[in-house]
Each structure stands twice: as structure tokens, then as C-alpha cells.
Amino acid sequence: MTGAKLKGISDMATADKSEKDRVIIFDTTLRDGEQCPGATMTFEEKLEVAELLDDMGVDVIEAGFPITSEGDFQAVSEIARRSKNSVIAGLSRAHPADIDRCAEAVKFARRGRVHTVIATSPLHMRVKLNKTPEEVIETSVAMVARARNQIDDVEWSAEDGTRSEMDYLCRIVEAVIKAGATTVNIPDTVGYTVPEEYTHFMRTLIERVPNSDKAIFSVHCHNDLGMAVANSLAGIVGGARQVECTVNGIGERAGNAALEEIVMAINVRNDKFPYWNKIDTTQLTRASKVVSAATSFPVQYNKAIVGRNAFAHESGIHQDGVLKDASTYEIMRPEMVGLKQSSLVLGKHSGRHAFVHKLEEMGYKLGANQLEDAFTRMKALADRKKDIYDEDIEALVDQEMAAAHDRIKLTSLTVIAGTHGPQRATMKLDVDGQIKIEEAEGNGPVDAVFNCIKRLVPHEAKLELYQVHAVTEGTDAQAEVSVRLAHEGRSMTARAADPDTLVASAKAYLGALNKIVMKRQRDVPAAKVAG
């Protein structure tokens, strides 16, 4: 699929618009999302999230549950005052005090909504409400009417709707629409249904309710079986035209349907879901990050659409394909969701094509032999640490270029260290093509390594500087060591990096020693490697 084809598919979402195909995006991040343990947001954080949702085109923002606390009431009220485009909804139970408090909170919005909920499944009515089915109908009608007397936009939800009896659900839905409900929500509260079943369920309900054309039907799916997004899309196919969701899919238990996944599924697969919405998809990544920061809930790396790895490629086969044509492995462009570009992650699965591409991005041009050596070393490094950063590549290539003409090269190093000294190092060097092995002790592992080098390559250079720092973050970061040797009035400095600090130390020391050798080579016969 070419890039042009991808663009054509995405554009279909806004082509030939008709109101009957419009899907209203109802975001409940600030209500249902915040109800999940540990996701509580401050007043300021709620305002920030609400402002972003409003700007990105969310149709309805469920800002909170006003009766639960004064803080929640104040947050809903302030969000209602500040909203520019979105309908601002508050949740209420089917109690008069809840209805009145909710209506009071959202009355400041340009468009406010009271969202009232009551359970309709036999299990919930018997165990939780201790009410008969008839009492639930009477309560629902009375609360919808009470809300409608205060505000024009009223949503009624059938908690545990997918485990409710169809005949009963048809009766109560007809009654609440007659009482003034403008939106009817049939939630899959416990994430129990499956897509084909939910499509049939919604279609049957809408067809059997005589006045169903007087209200918009809504879906609200939880992710207990991992099917929240699939079920939400299935509900839309069944006739629902509002979908309730949250940014990053946060919510109680396993969470809710993820807003970004629903929006992009409709956008990318508009051939299967011929609907449209008003979401500015280029703000999806930003919304994900803002909500993650506000709730302190990290986004899983492999999360669809907004995860760190959603547009990242490490496999050499994939990287090669993406470099030739991104659509080989990407069904949507990263720019569509607010990213600048895809990411080619270097690791043990990466190929030469991606490595060369990364080097070119960083401004390096290596010869064939240098490139092969650098690629081999990158692979070896990737086997030893999880993440390869640009700084790792930079340190690796700089070291490769510096070592291209070295006469002294480290072949192997073993160090024995611990609380009981002395520490001992065993080293193998390649000196002008000749392999030399030596063992030495020292006052610490680094001293043992340097003493070993002095035995293998006798010299009079003095160590002026030994410095270590981490190239990147993490306990598996490469150590970058700087060594400065003074010899005959001049100082030679070299750096080397390796996940093993002692190996990096040996390489840095040898790097500086090689510079001394190269200098002396111009002054004395080549046979004299060192003084």
C-alpha cells in the first residue's frame, strides 16, 4: 500500500459526510478514567486535560461526578465555564440530589448534559439496588424527567446493559426516551460481551424500541476481556452513534475503550467503518502524554497508536522495508497521530541498511571496512544492553575511526576483583600483528589493567587524567572513559566507551598510547614501538 493510498484512505473519513454516519466522541477520562485506582488528578490537571480534549474536537467531555465531593463539583463547574466547543457532562446516580447537583455544575457550559445511570441487569437490580424491575423503570423515568426540567440534554445509561434482558431493556429504553432522554447508553459495564453479539444486541434494541429515532444510542465498553475497542466498533455497526472512551484506555479494572484506537480504526479502515468524527488526530500523541503525566500512569510501550513502539522498528527486515517505503510496515503515517516521523531503533535485530541510515543521519561516512567493523561492534553492544542510543553509536563510531590505524589493539581482558586484594588482570594485545599475553596485579582493578598494559608495551608515559562517565542512562549504560598520557613534553588524550568500565579503561589507555606510538614513529625507526 503506497503513501498516496494511505492518504486516500484517511481522507475518506471526512469525505461524503452525512449526519447519520457521524460518530459522537464522548470522552470520560476525567470521570471513569479517574476512577481507576491511583489515577486521581488535581484540579489544575483536570483543567489542562479538559482544555486539550476541547481543542482536539471531542464532542462530549464527561468532566466528573459532581455529587462525590466539593472538589469534583468545582472541577466540573470550572471546566463547564471554560469549554469552547464540547458539551460538558456530569455523571449522576438515579437520585434527586445527584441530578440537581449535576445540573447545577454543568449549567455554566455553553452546552451542558446530565448523565444519569441505573442498573438494569437482573443481577444488579436484585443484589445492588434491591429494586424490582418495575421500580427501576419508575425511578429512571422520574430522574430523566427531573433532569430534563433543568437542562435540555439528558443521557440515560443502563448499567450492566449487555447482561440485561432484551424485552425489559426495550421497555425501559422506550420509557426514558418518552420522558426526555436525548441519548441512551447501553454499556458493557463488565467487559462481558463479544463483537458479533454486541452488534446484534444494539441492532435488535434499536429496531424494537418504537421511539428509538428520538434519541442517539451510545456504547461504553470495558476491557476485561481485551475487546473494548472491538466491541465499541461493533456497537457502532449495530446502530450506535456515540462511543464513550478514554485517552490511553484508562479506567476501572482493565480500563475502557481507548479513544485513540477507535478514532484511528475509523480513520484508517474507513472502508469497513464508513463513519466520521471531528477529532484532530494530530493531537492524539500529545493527549496521551498529557493524560499519562497527569495520572502518573505510564503508557505501555506496545500500546496501539500512542505507545513508544507504535512507530518504532528494530527488526532488520522491517527497517529495510520502511526505509524503502514506510507503508510496507506502517498502515498509518506517524504524522497522522502527531509524531514527526517513525523511529528506527538499533538493536541486535537491526540490519546494515538501518545502521547506515542512522550513521548518515548523524553525519558519519565510513569506509567499507570501518562500516563492517562498526556494525559488528554495534551488534555485540546490542547483545549486552537493552537500548542503543544515538550517543552509544557516536561513541562506538568515534572509537572505530580513531582505532582504524592503531598498532596496539585490545584482544581480550579478564579482571579478578573483590574485597580481598590484590586485584589481578590478564590481557591479550595485538601489537603490530603479534599477539602478546600478560598478567599483572594492582591496587584495584583499574590499576591492575594499566599495569598489565605497561608490561605488554613498556613505556615511560605518565597518567595525567583518568575520568569515567555514563554515555546514557540506566545501569546497562556504556561507560565512557577519558585517559590523558604525558610523554616527552606532550599530552595525548583518548576516549573509549564500553558497557564494561574496565574494558573502556583499557581501550582509552591504549588509544592514548597509540597516539604516542604514532608520534614516535615519525621520529624513530618503526621497529621501536615504545621507549
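Things to note:
- Environment charge of Gly511, counting only residues whose C-beta is closer than 9 Å and scoring Lys/Arg +1, Asp/Glu -1: +2
- Each label was represented as a point 7 Å from its Cα along the Cα-to-Cβ direction; for Met166 and Asp280 these points are 4.4 nm apart.
- Euclidean distance of C-alpha centroids, segment 39-84 and segment 247-305, integer Å: 18
- For segment 180-232, a/c is not less than 1.5, where a ≥ b ≥ c are the root eigenvalues of the C-alpha gyration tensor, and a/b tops b/c. That puts it in the prolate class.
- Couplings 3J(HN,Hα) of segment 82-89, computed from phi: 8, 4, 9, 10, 6, 6, 9, 10 Hz, in residue order, whole Hz [Karplus 6.51 cos²θ - 1.76 cosθ + 1.60, θ = phi - 60°; x for Gly and Pro].
- Rounded if a/c under 1.5, otherwise prolate or oblate - segment 18-123, Cα gyration tensor axes: rounded
- Dividing the alpha-carbon radius of gyration of segment 41-80 by the rule-of-thumb value 2.2 N^0.38 Å gives 1.10.
- Scoring 270-280, 90-100, 252-262, 31-41 by mean Cβ neighbours within 10 Å over their residues and listing the highest first yields 252-262, 90-100, 31-41, 270-280.
- Size descriptor, Kirkwood hydrodynamic radius, that averages inverse alpha-carbon separations across segment 199-261, Å: 11.9
- Contour excess over end-to-end distance, with Cα ends at Glu51 and Glu196 and 0.36 nm allotted per residue: 48.6 nm
- Measuring between alpha carbons in the structure, the pairs from Lys128/Lys214; Lys278/Lys324; Lys428/Lys507; Lys20/Lys46; Lys107/Lys131; Lys428/Lys462 lying more than 24 angstrom apart are Lys128/Lys214; Lys278/Lys324; Lys20/Lys46; Lys107/Lys131.
- In terms of the mean number of neighbouring beta-carbon atoms within 10 Å, the peptides 417-427, 181-191 order highest first as 181-191, 417-427.
- Sites Asp500 and Glu460 - FRET efficiency at Förster radius 25 Å, r taken between beta-carbons, to 0.05: 0.35
- Based on Cα atoms of segment 405-521, Rg over Rh with Rh as the Kirkwood radius reads 0.96.
- Whole-Hz ³J(HN,Hα) from phi, Karplus 6.51 cos²θ - 1.76 cosθ + 1.60, for segment 447-458, glycine and proline x: 4, 5, 5, 5, 5, 5, 4, 4, 6, 6, 10, x
- Using a simple spin-label model with pseudo-atoms 7 Å out from Cα toward Cβ, His349 and Arg377 lie 2.6 nm apart.
- Neighbourhood net charge (12 Å Cβ-Cβ; Lys/Arg +1, Asp/Glu -1) for Arg148: 0
Read-outs throughout are calculated quantities, based only on the coordinates presented, and are distinct from any laboratory measurement. This one's a predicted model, so the numbers in the text were calculated from it and none came from an experiment. When we count neighbours, we look across all protein chains shown, and the Cβ atoms used for this are built from the backbone with ideal geometry, even at glycine.
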